[in-house]
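K.L.:
Before I ask anything, here is the structure I am working with.
The values are calculated or read from the model by the stated rules, or taken from the named source; none is laboratory data. What you see is a predicted model; the values in this text were computed from it and never measured. Quick reminder, even Gly has a Cβ in these numbers, built from the backbone with ideal geometry, and neighbours come from all protein chains shown.
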Amino acid sequence: MNNNNPQNSVLVNQENWIELSEQLSKLEQLLIHLDCLNDGVAVAINNQVVTKDNWPTQVLNYNDKINIFGAIAGG
Amino acid sequence: MSNSQATADTGLSCDDQSRLSSQEPSSLSSQEPSGLSSHEFIRYSRQIMLDQWGEAKQLKLGQAHVVIVGAGGLANIAASYLAGAGIGRLSVIDDDEVELSNLPRQIAFDLDSIENSKVYELANRLREQNDQIEIISFHQYLDPANIGQLVRDCDLVLDCTDNTVTRHLVNRHCVEQKLPLLSASVAGWHGQLLLVDPKQPQWGCYHCLFPQSSNAKEATSCQTLGVAGPMVGVLASFQASQALRYLIDAPSDLASKLVCINGESLAVQSFGRVRDSQCLVCATQNSKPKSKPEPENKP
């Protein structure tokens, strides 16, 4: 994880660039890598939410902008 | 008198009168069965003059029924805007009493409200604000046994609750009963807003985004994370404005979005939504009347 913009990386939550690799090429792999694989989070790639059934197969592309956010329940 | 000054007889400026000329009621001295009274016309004139509003939509609002689940921070403000806008009937549901820690953000309450029922306090405040509408208060905890009686026969449901269990209960009920649901939530300096519209099922529901399961990390709430009072106002104001736009059929793409508001960076982000083909709530609606029971997740 770093703050640079290497060519083979994705940007997570507008803060961190994460380098893709063979072991880190799918969305679910990224969520496991970040220790946030659970049903309490939603994930958007390039401003489009990816439904959970697609997490295992969703391929990550270089320069994808990924937002991971949890449910807010307060009112 | 300049054009921007109010005229003595109507309270409207010359500019306003000119712009409203096409909207004027047929008689300013008596109430028409099918139109606004002169009092109503003046009262709501600033919103009637808006594009996509007009007298016909104001009359529609007067016939509308909105159910508000929760009477805390979001509901204090959202309900006030809806009452002020002339929604004909507002139902508010909550079993809580006012506590001292509520006062920084629940602006319908004051020190004299403490230990009193939130719905009664809020209903009284709304009646003072607009005595021309009907306010119904239910001092009850919403649960699967009573939701069918309390959330029904309405044009829109506002989710203003403070916990995940009730949010999922309301979402499931609204999907099953085909009631439009406008959900707002807030914690810390952040908030989320979404509309689940039965007329646009392709964009999914609350459960599609945040499934209720034993694998779900606990959602952030005001109790766990704290909350900035003004952020409650921001989210409630967005919620109320979108509710009004929905009820007057103004264009909106909120049903296909999740809007996330960051009070620290001032960022407002819209994320496209889509129905989860595996969703236990909305993906089964057309094919199976009864969906699979979900695990208990009591707070």
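K.L.:
Specify which of the listed residues (B:GLY54, B:GLY35, B:GLY73, B:GLY11) is farther than 30 Å from B:VAL165 by Cα and modelled with pLDDT of 95 or more.
P.N.:
Selected residue: B:GLY54, the only one of B:GLY54, B:GLY35, B:GLY73, B:GLY11 that is farther than 30 Å from B:VAL165 by Cα and modelled with pLDDT of 95 or more.
K.L.:
Separate question: Looking at (1) in contact with a Cys (Cβ under 7 Å, 6 or more places away or on another chain); (2) more than 23 Å from B:ILE261 (Cα to Cα), find the lone condition where A:GLY75 falls short.
P.N.:
(2)
K.L.:
Within the group B:GLY229, B:GLY272, B:GLY191, B:GLY263, which residue is at pLDDT 95 or above, surrounded by fewer than 19 Cβ atoms within 10 Å (Cβ to Cβ) and within 7 Å of chain A (Cβ to nearest Cβ)? Break it down stepwise before answering.
P.N.:
Details: B:GLY229 fails: within 7 Å of chain A (Cβ to nearest Cβ); B:GLY191 fails: surrounded by fewer than 19 Cβ atoms within 10 Å (Cβ to Cβ); B:GLY263 fails: within 7 Å of chain A (Cβ to nearest Cβ).
Unique residue meeting the criteria: B:GLY272.
K.L.:
Okay, next question. Residue check, B:SER213 against (1) modelled with pLDDT under 95; (2) outside any helix (DSSP H, G or I); (3) within 17 Å of A:GLY75 (Cβ to Cβ), all met but one. Which one?
P.N.:
Result: B:SER213 passes all but (3).
K.L.:
Quick check on segment B:150-162. Is at least one of its residues touching a Lys or Arg at 6+ places or on another chain (Cβ under 7 Å), within 14 Å of chain A (Cβ to nearest Cβ) and touching a residue at least 12 places away in the same chain (Cβ under 8 Å)?
P.N.:
Yes - at least one qualifying residue is present in segment B:150-162.
K.L.:
Going by what's in this entry, would B:ILE77 be described as closer than 15 Å to B:ALA243 by Cβ and within 14 Å of chain A (Cβ to nearest Cβ)?
P.N.:
Taking the combined requirement at face value, the residue satisfies it.
K.L.:
Related question: Residues of segment B:36-72 being within 14 Å of chain A (Cβ to nearest Cβ) and under 12 Å from the mean Cα position of the chain (by Cα), which ones?
P.N.:
B:ILE68, B:VAL69, B:GLY70, B:ALA71
Table: residues versus (1) among the small types (Gly, Ala, Ser); (2) under 20 Å from B:VAL69 (Cα atoms).
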site: B:LEU182; (1), (2): no, yes
site: B:ALA240; (1), (2): yes, yes
site: B:LEU247; (1), (2): no, yes
site: B:ASP253; (1), (2): no, no
site: B:ARG275; (1), (2): no, no
site: B:LEU280; (1), (2): no, no
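K.L.:
Going through segment B:230-282 one residue at a time, which ones are more than 20 Å from A:ILE72 (Cβ to Cβ) and in a helix (DSSP H, G or I)?
P.N.:
Selection gives B:LEU244, B:ARG245, B:TYR246, B:LEU247.
K.L.:
Something else about it: Given (1) touching an Asp or Glu at 6+ places or on another chain (Cβ under 9 Å); (2) more than 10 Å from chain A (Cβ to nearest Cβ); (3) farther than 20 Å from B:LEU74 by Cα, identify the lone condition not met by B:GLY204.
P.N.:
Every condition holds for B:GLY204 apart from (2).
K.L.:
Go through segment B:163-188 and give me each residue that's under 16 Å from the mean Cα position of the chain (by Cα), surrounded by fewer than 24 Cβ atoms within 10 Å (Cβ to Cβ) and within 14 Å of B:ALA219 (Cβ to Cβ).
P.N.:
Within segment B:163-188, just B:THR166 meets the criteria.
K.L.:
Only one of (1) surrounded by 24 or more Cβ atoms within 10 Å (Cβ to Cβ); (2) part of a strand (DSSP E or B); (3) not acidic (Asp, Glu) is not met by B:ILE135, so which one is it?
P.N.:
All conditions are met except number (1).
K.L.:
Moving to a separate point now. Run B:GLN223 past the list (1) farther than 25 Å from A:LEU37 by Cβ; (2) assigned to a strand (DSSP E or B); (3) at the interface with chain A (Cβ under 9 Å from one of its Cβ atoms) and report the number of the one that doesn't hold.
P.N.:
(2)
K.L.:
Also: Filter segment A:36-53 down to residues that are within 8 Å of chain B (Cβ to nearest Cβ) and of a type in the set (A, V, I, L, M) and give me whichever is farthest from B:LEU280 (Cα to Cα).
P.N.:
A:ALA44
K.L.:
Another question, if that's okay. Report yes if B:PRO180 is more than 14 Å from chain A (Cβ to nearest Cβ) and not small (Gly, Ala, Ser), otherwise no.
P.N.:
yes
K.L.:
Considering segment B:98-120 alone, what residues qualify as being crowded, with 17+ Cβ neighbours inside 10 Å and either more than 30 Å from B:LEU59 (Cβ to Cβ) or within 17 Å of the chain's Cα centre (by Cα) (or both)?
P.N.:
B:VAL98, B:ASN102, B:ARG105, B:GLN106, B:ILE107, B:ALA108, B:PHE109, B:SER113, B:SER117, B:LYS118, B:VAL119
K.L.:
Having 3 or more residues that are among the β-branched types (Val, Ile, Thr) is the bar; report the strands (runs of 3 or more DSSP E) wholly within chain A that clear it. Don't jump to the end; show me each part of the working.
P.N.:
Working: elements: A:9-12, A:16-19, A:41-45, A:65-70.
Strands (runs of 3 or more DSSP E) meeting the threshold: A:41-45.
K.L.:
Assuming A:ASN16 fulfils every condition listed in (1) within 14 Å of chain B (Cβ to nearest Cβ); (2) surrounded by 12 or more Cβ atoms within 10 Å (Cβ to Cβ) apart from one, which condition is it?
P.N.:
(1)
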